[in-house]
Amino acid sequence: MPFIANTVTLFKALRELGLRQVTLYSCYRLGILTGYLRWMTPVNALREAWYKPSLPFEKLPSLSPTLIFSPPTEEELTASIGSEISQLLAEANEIVSGKVRIFGGSPTSLDLSLPFQLEHWTRYERAPEIPNVEDIKLIWEQGRLSWVYTLGRAYCVTRDERYPQAFWLYYETFSESNLPNLGPHWVSAQEVSLRMLALVFAGHVFQHSSHTTAERSEALWQSVAAHASRIPPTLIYARAQNNNHLLTEALGLYTAGSVLPDHPHAGEWRKTGWYWLHKGLQEQVSEEGIYLQHSCNYHRLMLQVYLWAGMVASHNKQQFPQRSRQLLAAATHWLHNLLDFKTGRVPNLGPNDGAYILPLSTCSHYDYRPVLQSAALSFLDQQLFETGTCDEMPLWLKTKPEITAVDQSYKKTPSTTTIRLPEQETWAYFRIAHFSSRPGHAEQLHLDMWWRGRNIAQDAGTYLYNAPSPWENSLSGTLVHNTVSIASQDQMTRAGRFLWLDWAQAQLISHQRAEDGSWESLTAKHEGYRHLGVVHRRSVTGFHDGRWAIKDEFLPVKPFPTKQTQSFQIARLHWLLPDWSWELEENPDAGSVTLKINSLTGWHTIKIIRVLHADTDPAFDTHQSPLHVQLVRAGESVYGEGPVPSFLGWVSPTYNHIKPALSFAINSQNPLPFGLVTEWILPPIDSETKTDQP
C-alpha cells in the first residue's frame with residue numbers, strides 16, 4: 001500500500017509541477033548522492049575559483065573591485081531619516097554590543113560560529129539533522145549578515161569608527177569559523193548569495209574607514225569571489241524550485257560579475273545572472289503582477305531583488321527588457337493594492353519566512369512602504385507617498401528621487417480582490433487564486449479584514465518550517481484560515497512539509513457595485529472539495545456604513561438532489577481574531593451565534609447565521625443539527641467542546657515569532673445545499689482608536 005500511495009503522489013507531482021522541475025530536482029539529488037557536487041564545491045574554494053588548486057592563498061591574483069554604487073551623503077541621509085536617526089543609532093549600537101534583531105523581532109545574541117565540527121555542506125543535505133538545532137533557518141538568518149546594512153547606514157550618518165570596527169570583527173569571526181563550502185551556512189546557494197550582497201555593501205560603505213586595511217579589503221573581495229563560485233554548481237536546484245531561490249542566486253552572480261570584472265569567471269557570472277534574472281521574472285510574475293509564490297513577504301523580496309539589480313544594471317549601462325519593466329510595474333501595483341494605508345502593513349498572505357533582504361530604512365519590518373516607494377520610482381516613474389522616512393531606501397538603491405508629485409490614483413484603482421470603505425477606514429482582501437506553480441498555503445476564499453490599521457480578521461502566518469510537531473509548517477493548512485473547510489479536510493492534499501497536490505483553483509464569479517455607492521460585492525468559488533461532492537461559493541459585501549456581510553454557500557457538484565438522494569456535509573467556518581476580551585451568545589432556535597470582541601475602543605459584533613438554500617426542500621430543515629461553536633486561544637479551548645489542535649488560536653506576524661489570537665469556529669452539519677452568513681458590525685467612526693502593533 002505505501003508503494004501504491006507513493007506512486008500516486010509521484011504521478012500527481014509530475015502532473016502539477018511538470019516534468020522539467022521534477023527532472024531538475026532529481027538531477028540535483030543525484031549530484032548530492034554521487035558526490036559530484038562535493039567535488040564541484042571544494043573546501044579550498046578560494047584557490048579553486050581561480051583554477052589553480054596548488055596556488056597558496058597569499059599568492060592569489062589580486063582583485064580590483066569596481067564600485068557599483070556610491071553611498072548617500074551624510075546630508076542626504078540626515079534629511080531623509082530625520083528624527084528617526086536616534087532609532088537607527090540605537091539599533092546599530094545593539095549590534096556593536098553583540099545583539100541583532102532577526103525576522104524583525106526582539107534583540108538576540110549574535111552568534112556566527114557553530115558549536116560542532118563542521119563538514120562539507122553536502123553532508124547536511126544528505127542528513128539534515130544538526131546537533132541542537134531545530135530549525136536551520138535560525139542559523140541561516142544570522143549568516144545572511146543583514147545587520148551589515150544597519151552598521152553601514154549608521155556609519156554613513158555619523159562616521160563613527162565603532163561601526164566598521166564591529167563589522168570587521170564579526171566578519172572575520174564568521175570567515176574563520178565557516179570556511180567556504182564547509183558547514184550549514186554553505187548549504188543553500190540562496191543564503192550564500194544574500195550574504196555576498198551584504199559583503200558587497202560593506203565593501204562600499206566601509207572602504208574609507210581606518211579599520212579597512214588593504215589586507216582586510218583583499219580578503220573580503222576574495223570571499224565575494226568564493227561566494228559567487230558556490231552558486232553555479234547548484235543553480236539546477238534553484239531552477240527546479242523556480243521561485244525566489246532562482247532570482248536571488250541570479251542576482252548574486254550578476255552582482256559578483258559586475259563588481260569583480262577582472263575575475264576569470266566575471267563575464268560568465270554576469271551573463272548567467274542577467275539571463276536568469278529576466279527569464280525567472282518573466283516566468284514567475286503574471287500579467288496581473290502576481291508573484292507565483294503567492295506571498296506578500298516573498299513578493300517584497302522579489303521587488304528588492306530587481307531594485308538592487310536595477311542599480312547594478314545602471315552601473316553596467318544596461319536596461320531591463322521592456323517585458324521585465326512591464327511585469328515589475330504590474331507587481332508594484334499588485335502589492336500596493338494590498339497595503340493598509342494607515343500602517344504600511346499588508347495581509348500576512350502565504351509563506352512568510354521573515355525575509356527582508358535589504359533593510360535600508362528605519363521603518364518597521366512590517367512596513368512595506370519603503371519598498372513600494374522605491375519600486376514605484378523605479379518601475380512606475382511616480383511617487384506613491386509623501387516625502388519622509390520611506391525615502392531612505394530609494395537613496396541607497398539609486399531610484400529617481402527627483403520625482404516629487406504624489407500619485408493619489410492608486411486609492412481609486414478598481415480591484416477584483418479588495419474592497420475599500422474609506423469613509424469607515426475599513427477594507428478587506430478576498431483570496432481568489434489561480435495557481436500556475438505549487439501553492440504555499442491551502443487558503444482559497446480566505447478573507448483578511450482591516451479596521452483603522454488593525455488586522456481584525458487575520459491570517460495566522462507561518463511561524464516555523466522545521467520544528468517538532470505541531471509546528472512543522474502547520475499554519476499553512478485550511479483550518480487556520482478565514483475560510484471554510486469541509487469534513488475537517490484541507491482544500492488540497494498535503495504531500496509534504498512544503499508540497500500541496502490536487503490544487504484548488506478559485507474563480508471570480510462577479511464584481512458588483514451599487515449605483516448609489518452604498519455597497520460593493522465580490523463573489524467567487526473554488527472546487528477543492530469536489531471529490532466530496534461540494535463546491536464552496538463565497539460572497540463578500542462591504543456596506544459604506546461600515547458593515548460587512550460574508551455569505552458562504554455549499555453547493556452539490558451534481559444538480560440539486562432530491563429528498564431521497566440528499567447528502568449531508570459538515571462545514572467548518574473559521575475566523576482568526578485579535579486576542580481581545582469577548583462575549584458569546586448562542587441562539588439555537590434561530591440557528592445563529594453572536595460573538596462580540598472588545599478593541600478597548602469599541603465592540604465588534606460578529607454574527608453567524610445558518611441559512612437554507614432557496615432550492616432546498618424546506619422539509620430538510622428538520623434534519624438540521626445544532627451549530628457547534630468552538631473558541632480557542634493559544635491552543636486551548638475557552639468555549640465549546642471537542643478536541644483542539646494545539647496550533648489553533650495563534651498568529652505569527654513574522655518568522656519564529658508567535659502570539660495568542662482568538663480562533664472562532666462554527667461547525668454545521670446539513671444536507672446540501674445550505675449556507676452560513678457572517679455579519680460584521682464595526683464600532684462607529686467617531687470612536688477613539690489607536691493602531692495595534694504586531
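Readers should treat all values here as calculations from the given coordinates under stated rules, not as data from a laboratory. Note that this is a predicted model, so its numbers are computed, not measured. Please note: Cβ atoms are built from the backbone with ideal geometry, for glycine as well, and neighbour counts cover all protein chains shown.
Assorted remarks:
- With neighbour counts taken as other beta-carbon atoms within 10 Å, the residues LYS137, LYS271, LYS551 rank, fewest first, as LYS271, LYS551, LYS137.
- Kirkwood-based Rg to Rh ratio, the chain, C-alpha trace: 0.99
- In this Cβ point-charge picture (+1 for Lys and Arg, -1 for Asp and Glu), segment 447-541 has a dipole of about 100 debye about its Cα centre.
- Net charge contributed by nearby residues that have their C-beta within less than 9 Å of LYS551 (K/R +1, D/E -1): 0
- Pairs exceeding 18 Å between alpha-carbon atoms, taken from LYS607/LYS659; LYS317/LYS398; LYS525/LYS551: LYS607/LYS659.
- Whether segment 95-178 is rounded, prolate or oblate, judged on the alpha carbon gyration tensor where a/c under 1.5 counts as rounded: prolate
- Where GluC sites (Glu not before Pro) fall in DSSP loop in segment 265-331, at most 16 other Cβ within 10 Å: GLU287, GLU288
- Neighbour-count ranking [beta-carbon atoms within 10 angstrom, fewest first] of HIS526, HIS441: HIS526, HIS441
- The Cβ shell under 15 Å around HIS278 holds other residues with a net charge of +4, Lys and Arg each +1, Asp and Glu each -1.
- Folded to 0 to 90 degrees: helix 266-284 orientation relative to the chain principal axis, Cα: 10 degrees
- Among TRP582, SER437, SER521 - extreme Cα towards positive end, dipole of the chain, charges at beta-carbon: SER437
- Overall form of segment 290-413 per C-alpha gyration tensor (a/c, 1.5; a/b vs b/c): rounded
- Degrees between helix 85-96 axis and first principal axis of the chain (Cα, 0 to 90, nearest 10): 70 degrees
- 5 angstrom amide H check on VAL638, placed H, neighbours 5+ away: LEU631, VAL632, ARG633
- Cut-off 11 Å between beta-carbons: net charge of the residues surrounding PRO65, Lys and Arg +1, Asp and Glu -1: -2
- Rounded to the nearest 20 debye, dipole of the chain from Cβ charges on Lys, Arg, Asp, Glu: 1900 debye
- Fewest-first sequence of PHE568, PHE543, PHE674 by Cβ atoms within 10 Å of each Cβ: PHE568, PHE543, PHE674
- For segment 170-176, the Karplus equation 6.51 cos²θ - 1.76 cosθ + 1.60, evaluated at θ = phi - 60°, returns couplings of 5, 4, 5, 4, 5, 4, 6 Hz by residue, with Gly and Pro reported as x.
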